[in-house]
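Everything on this sheet refers to the single structure shown next.
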Amino acid sequence: MEHYEVTIIGAGLAGITAARRLMKQGRTNILLVDKGKSVGGRLATRRIAGGRADHGAQFFTVRTEELGEEVQDWVEAGWVKEWFGDDHPRYTAVDGMNAFAKQLAEGIPTLLETRVEKLLENDGGYRVYSADGSEWQTDSLYLTMPVPQVLELFRNSTMSMPEPVKKQLKGILFEPTYVGLFEFNKPTELPEHGHLDQDLPEGVERIVDHSKKGISEDVIVSVYMTGDWSRKYYGEDYVMSLVKEKAENYLPWDDLESEQLKRWRYAQARKVVKESCLDVNGDGRLIVGGDAFLRPNDTAGRTRFESAYLSGKDAAAHLRW
Ligand SMILES: Cc1cc2nc3c(=O)[nH]c(=O)nc-3n(C[C@H](O)[C@H](O)[C@H](O)COP(=O)(O)OP(=O)(O)OC[C@H]3O[C@@H](n4cnc5c(N)ncnc54)[C@H](O)[C@@H]3O)c2cc1C
């Protein structure tokens with residue numbers, strides 16, 4: 001049976017960051033697992049016709065020196081660029097957010113299309129079971145999926161957790177987000193940099209033109225709905241028509257070529273925890289983290305790219321095996 005020092009469940013930014021840190025410290029007997037076909041999680045890009053669109057995170061801001069230093073390296077590597085904004089510049093990925101996640105994850109031992117469905121605590125650490133029937137042994141675990149999915153994994157496993165930890169995890173609330181993706185055969189009148197988030201109708205969070213953003217040959221636009229709006233209409237079959245109605249004054253609908261709707265069940269946390277990761281049993285061998293886990297001194301107070309990055313970084317420092 002395979003054995004790893006650390007298994008990281010979830011190859012989003014938190015998981016990738018933790019894996020990168022561990023490898024930098026010389027820990028190579030690690031495994032990054034994800035149920036998806038690609039690494040990245042909510043750093044997601046979809047190919048549409050001859051173009052592409054980010055449909056998860058669009059950009060990130062930098063409030064800590066730690067991330068700032070990394071970003072300089074990423075800029076030099078040609079992976080990210082400053083997009084727009086003065087106070088807190090928005091950075092975005094040069095080839096789309098998912099390609100950036102892949103660049104970050106290069107060289108990390110990774111297992112994709114593997115959904116972890118059960119954990120079992122034993123003398124040596126933990127046995128991990130996946131939905132496809134594979135299993136392996138690990139000394140420690142870092143769980144990075146959205147917290148409702150962490151709680152589900154605990155329910156499926158024969159593991160309990162201390163009441164105060166459970167209470168903290170249950171206090172984290174995620175909300176959904178609908179994103180309409182539209183292909184046009186004519187340029188839009190969105191601002192030159194392609195991003196609009198001011199004075200939009202109620203329910204619309206932002207509109208992004210990916211050809212103006214610089215990642216798409218074709219004109220592909222994403223319309224992001226707010227968390228409140230997405231919660232209100234979650235699961236309704238007429239969501240797409242409402243999205244189009246809301247955005248009717250902003251886009252060249254007569255020249256629409258195709259449309260798709262993306263639904264994120266767990267997009268961003270509405271209620272967060274003010275610790276960058278939780279050590280479930282206090283021994284550094286079972287850590288829960290991800291973007292909903294903010295450092296106590298976090299100045300933005302919001303779940304985002306940077307909070308996922310810092311959670312991953314802090315978890316790597318906290319893990320024991
Ligand atoms: C629509 C949308 C817009 C956003 N916009 C922005 C933005 O503009 N700026 C910004 O800073 N942030 C934004 N965010 C938030 C940002 O994308 C996230 O904060 C960050 O990417 C989260 O990273 P993470 O590693 O914590 O989680 P995730 O990226 O969600 O990674 C968790 C991973 O766990 C995997 N997983 C789940 N369950 C299992 C299982 N049982 N077994 C194996 N794998 C599993 C999932 O497939 C996923 O890949 C946005 C998010 C969304 C959805």
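Suppose we filter Glu113, Glu121 for residues that are in a strand (DSSP E or B), surrounded by fewer than 18 Cβ atoms within 10 Å (Cβ to Cβ) and of a type in the set (D, E, K, R); which single one remains? Among Glu113, Glu121, only Glu121 is in a strand (DSSP E or B), surrounded by fewer than 18 Cβ atoms within 10 Å (Cβ to Cβ) and of a type in the set (D, E, K, R). Among the residues of the range 110-136, those that are within 10 Å of the ligand (Cβ to nearest atom), out of contact with any helix residue (DSSP H, G or I) (no Cβ under 7 Å at 6 or more places or on another chain) and not small (Gly, Ala, Ser) comprise Leu111, Leu112, Glu113, Thr114, Arg115, Val128. Scan the range 73-89 and give yes if some residue there is in contact with an Asp or Glu (Cβ under 6 Å, 6 or more places away or on another chain) and free of Cβ contacts under 8 Å to residues at least 40 places away in the same chain, otherwise no. Within the range 73-89, one or more residues are in contact with an Asp or Glu (Cβ under 6 Å, 6 or more places away or on another chain) and free of Cβ contacts under 8 Å to residues at least 40 places away in the same chain. Out of Ala269, Ala308, Ala300, one residue alone is within 13 Å of the ligand (Cβ to nearest atom) and modelled with pLDDT under 95. It is Ala300.
Of the residues making up the range 258-266, one or more are within 21 Å of Phe305 (Cβ to Cβ) and open to solvent by 80 Å² or more (accessible area, probe 1.4 Å). Considering only residues in the range 274-321 that are of a type in the set (Val, Ile, Thr), touching a residue at least 60 places away in the same chain (Cβ under 8 Å) and under 27 Å from Asn98 (Cβ atoms), the one that is surrounded by the most Cβ atoms within 10 Å (Cβ to Cβ) turns out to be Val288.
The values are calculated or read from the model by the stated rules, or taken from the named source; none is laboratory data. Note that the coordinates shown come from a computational prediction; the quantities given were computed from them, not determined experimentally. Counting neighbours? That spans all protein chains shown, and the Cβs are built from the backbone with ideal geometry, glycine included. Heavy atoms of the whole protein, side chains included, go into the accessibility calculation; ligands, DNA and RNA do not. Shrake-Rupley method; radii C 1.70, N 1.55, O 1.52, S 1.80 Å.
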